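What follows is one structure encoded as structure tokens, with my remarks underneath.
The values are calculated or read from the model by the stated rules, or taken from the named source; none is laboratory data. Computed from a prediction, not measured in an experiment: that's the story for all the values here. When we count neighbours, we look across all protein chains shown, and the Cβ atoms used for this are built from the backbone with ideal geometry, even at glycine. In case anyone asks, the SASA skips ligands and DNA or RNA and just uses the protein heavy atoms, side chains included. Shrake-Rupley method; radii C 1.70, N 1.55, O 1.52, S 1.80 Å.
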Amino acid sequence: MSKILEKEFFSENVAKIDLYAPEIAKSRKPGHFVIIKIGDKGERVPLTIASSDNEKGTITLVVQKVGVTSAKLLKLEVGDEVTDVVGPLGKATHIEKVGTVLCAGGGVGVAPLMPIVEGFKKAGNRVITVLAARTKELVILEEQMRRYSDEVIIMTDDGTYGRQGLVTQGMEEVIKREKVDMSVIIGPAIMMKFGALTTKKYNIKTYVSLNTIMVDGTGMCGACRVSVGGKTRFVCVDGPEFDAHQVDFEQMMMRMGAYKDQEYAAYQKYLGTLETVA
Amino acid sequence: MENIIDYLKAERSQEWRNEIRKSMKTKERTSKVRASMPEADPDVRNKSNVEVNTGLDKDIAILEAQRCIDCPTPTCIDGCPVGIYIPKFIKKIEVGDFLAAASVLKETNGLPAVCGRVCPQEKQCEASCFYTLKLNKPPVAIGYLERFAADYERNSGKATVPEVAGSSKVKVAVVGSGPAGLAASGDLAKLGYDVTVFEALHEIGGVLKYGIPEFRLPNDIVDFEIENLRKMGVKFRNNFLVGKTASFEDLKADGFEAFFVGSGAGLPRFMNIPGENYNGIFSSNEYLTRVNLMNAAKPEFDTPVISGKNVAVIGGGNTAMDSVRTAKRLGAKRAMIIYRRSEEEMPARIEEVKHAKEEGIEFMNLHNPLEYYADETGRVKSAKIQKMKLGEPDASGRRRPIPIEGSEFVIDVDTVVVSVGVSPNPIVPASLPKLEITDWGTIVVDKDTMQSSTMPEIFAGGDIVRGGATVILAMGDGRKAAAGMHKYIQEKTKAN
């Protein structure tokens, strides 16, 4: 059981949650994730850790409402308990001094990117960050990102904030302007796919952090498997970060849709139960 | 070993044992027919989760116990990895003292109701029963009797908790709450240690919970045995992955003096054939975990599972049988085993294969999948299958399967469960760079003490050492390791 100590909505469907999990807070490194489960009948769902506070013993998760589990999590209030939290899972980001690092984050993918940006900056790199979102109110963690980035470029689909355009436009602008030694891209699968295509054109070493379907998160089930360089790898123990130019994004997106119909039906049913209660 | 033989002799010459032995002529005992296990109707059970084997009743159990001739040198015990005092518990059943029989089981086995259900007794104790070895008759049904005594005790409400030696302040850690870890923790608790079991999942029980289905091993039986360990003072921490949540060094700093690693072989193998990553293709671990641990087939639970109409399970082991029989229970029209050798080479227990056949499972033996095909959404729709024949025996002693060229054909499948084995889970070895591991990722240990060859405070057993074995072999390892840890800690204390 992990108690929610703080909760702050960034927008209607996105919130930051601080969970009391002192052991995880102490052990986690950038790139790590946790698996959470809400209630005895809940599903196990992976969420990447955005940050932690060792003194308070908390880990921070940024959650977007996309289905039953995330909706249940966002409904919990400060003082409520999350039934199960296990982690930190996965391999930590390999952070070293490489020169200039281009970090690109889309949607709630910006949250797991945050500790990576911080890590690369503290390791002595020049860090340029591109934050992308559909519209102004979905741009998150801008202030924190500015703290550890030499420059932050904001792209919105509708032009309500920063510049209008896709994340790849912001990335390409930087790449054309100066030498980029490495890139890290975290966001929706489709965004990572096109981000990877962009850096591949310029032959820039690029990492993505994958958030596939998982059950145990410890290597046991293989639900999270993806093809990387033609080989099947497990996101939970071999990743979650992989060489972006080797990932088969088409297959990954196909696999992420495996339960689309069941997930949709379950979400509708869940929304139905909320209405009955109200 | 000397004192065990003396102990057995002394026990056998007790008055009650002599009396019961003399109460019936050996010839009368050996002329009795072995009891058969009553089973739920195949057509009912293949649509529900009711337990397949329903257990012996009292009278039948006593009759079966009478078959045991109480040998002066009981060879059956040699066949038991946890060394149950088999004749002693059987004779307690014969005299009708079923609770005492259960106590005898618990002297050496913390999970008798589990072992009575899932042990391959035909390869262990019953294979070395006097009836099998010398009389060429069906062995005493030791497994059925073990289950009977354990179930009787559980249902009586009079279950006793094994005695523990005066509580010690020495802390020991058990990593993983599967059969190896539970066996080790029970023995360590009896020796008086302050035992904490760390489990990565949210439920305690490891493979007994996520792997073995309800129809073969009901969860409440596992929970009962875990509750017993709790009463013996064993502490359980769920959602705790040793090596990740905290390192071994962190735990050492917390005062843990020795570790038993029973982290299992939780890394499923795939065949690496084209199309294997299509949707609807699972490892048996994933398929069984969704259904057993996450209750995915019940609508009130959030976890989904794909329940196919045409389900192919690849493999011939017990896990393959569990998967295919689960598929049938989830409503598959065709639930089939595709196995590359013949039934004779199948590693699954004969009983499981028999049960599967009764339940309407199809067997495509001497067949092997080559490729999968999917519909436009990426869901598997068919498989290309090749026929096989048997050649010369291979390293495993089983005849090698050889593909028959040109025999390929395509069958419709909408769900595939790949059950071709598991590899050791890499998390613990990866967190201990000094630990010696084999090329296969298993931990190298001394076979008697189960102590790591390179890190004296680490002991290991079960699938993380064997790479893929049975519940009872894992439990045997756990017991050996507990003794090894006790010796290690005593010697260390003396040295200081």
**Prompt:** When only C-alpha pairs under 8 Å and at least 6 residues apart count, what is the relative contact order of the range B:417-495, in percent?
**Reply:** 25
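R0 = 60 Å: FRET efficiency of B:Glu15 with B:Lys357, Cβ-based, nearest 0.05?
Details: r = 48 Å, r/R0 = 0.80.
It comes to 0.80.
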**Complete:** So for chain B, using the alpha carbon gyration tensor with a ≥ b ≥ c as root eigenvalues (a/c under 1.5 gives rounded; past that, a/b versus b/c decides prolate or oblate), I'd call it oblate
**Request:** Give the cross-link partners of B:Lys487 among the lysines, using a straight C-alpha distance below 20 Å as the criterion and excluding same-chain residues fewer than 8 apart.
**Result:** B:Lys169, B:Lys171, B:Lys190, B:Lys252, B:Lys447
**Complete:** Distance in Å, no decimals, from the C-alpha centre of the range B:63-104 to the one of the range B:159-181 is 25
**Prompt:** Can you give me the relative contact order of the range B:268-422 as a percent, contacts being Cα pairs under 8 Å and 6 or more apart?
**Reply:** 30
**Message:** How large is the Kirkwood hydrodynamic radius of the range B:268-422, counting all unique pairs of alpha carbons, in Å?
**Reply:** 15.7
**Asked** If the cut-off is 12 Å between C-alpha atoms, which aspartates and glutamates fall inside it for A:Lys65, apart from same-chain ones fewer than 8 positions away?
**Response** A:Glu12
**Fill in**
Log entry: pair-distance distribution for chain A, C-alpha pairs binned every 5 Å from zero, whole % per bin is 1, 6, 12, 17, 19, 18, 14, 8, 3, 1, 0, 0
**Request:** Among the chymotrypsin sites (Phe, Trp or Tyr not before Pro) in the range B:409-496, which ones are in a DSSP loop with at most 13 other Cβ atoms within 10 Å of the Cβ? Mind listing them?
**Result:** B:Trp440
**Asked** Viscosity 1.567 mPa s, temperature 4 °C: Stokes-Einstein D of the protein assembly as shown from its Kirkwood Cα radius, in µm² per second?
**Response** 46
**Prompt:** Based on DSSP, what percent of beta bridges with both residues in the range B:268-422 are antiparallel, to the nearest 5?
**Reply:** 50
**Asked** Got a sec? Charge dipole of chain A, +1 on Cβ for Lys and Arg, -1 for Asp and Glu; which of A:Ile38, A:Ile175, A:Val82 is way out at the positive end?
**Response** A:Ile175
**Request:** Out of all DSSP beta bridges with both ends in chain B, state the antiparallel percent to the nearest 5.
**Result:** 40
**Message:** Given axes a ≥ b ≥ c from the Cα gyration tensor, I'd like to know whether the range A:165-216 is rounded (a/c under 1.5), prolate (a/b larger than b/c) or oblate.
**Reply:** prolate
**Item:** For chain A, accessible area per residue (1.4 Å probe, heavy atoms of protein chains only), Å²
**Value:** 43
**Under 27 Å, Cα to Cα: Lys pairs in the range B:268-422, sequence gap 8 or more or different chains** = 29
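Take every Cα pair under 8 Å in chain B that's 6+ residues apart, average their separations, divide by the length, and report that relative contact order as a whole percent.
Relative CO of chain B lands at 14 percent.
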**Size of the B/A contact, given as accessible area buried on both chains, probe 1.4 Å, in Å²** = 3400
**Prompt:** Which lysines does B:Lys22 reach when only Cα atoms under 24 Å apart count, and residues fewer than 8 places away in its own chain are ignored?
**Reply:** B:Lys9, B:Lys32, B:Lys58, B:Lys88, B:Lys91, B:Lys92, B:Lys134, B:Lys137
**Prompt:** Which percent of the Cα-Cα distances in the range A:132-278 go past 23 Å?
**Reply:** 49
**Complete:** Note to self, chain A gives a 222 nm [θ] from helices alone (DSSP H runs n ≥ 4, -39500 (n - 2.57) apiece, / all residues, nearest 500) of -9000 deg cm²/dmol
**Request:** Give the carbon-plus-sulfur fraction of the accessible surface of the range A:100-256 in %, rounded to a whole number; probe 1.4 Å, heavy atoms of protein chains only.
**Result:** 49
**Asked** Which of the GluC sites (Glu not before Pro) found in the range A:20-88 are loop residues per DSSP with 13 or fewer other Cβ atoms within 10 Å of their Cβ?
**Response** A:Glu55, A:Glu77
**Item:** Local electrostatic count, B:Lys384, Cβ distance below 11 Å [Lys/Arg +1, Asp/Glu -1]
**Value:** -2
**Fill in**
Those GluC sites (Glu not before Pro) from the range B:220-318 that are DSSP loop and have at most 10 other Cβ neighbours within 10 Å turn out to be B:Glu300
**Request:** Determine the percent antiparallel among the DSSP beta bridges restricted to the range A:100-256, to the nearest 5.
**Result:** 25
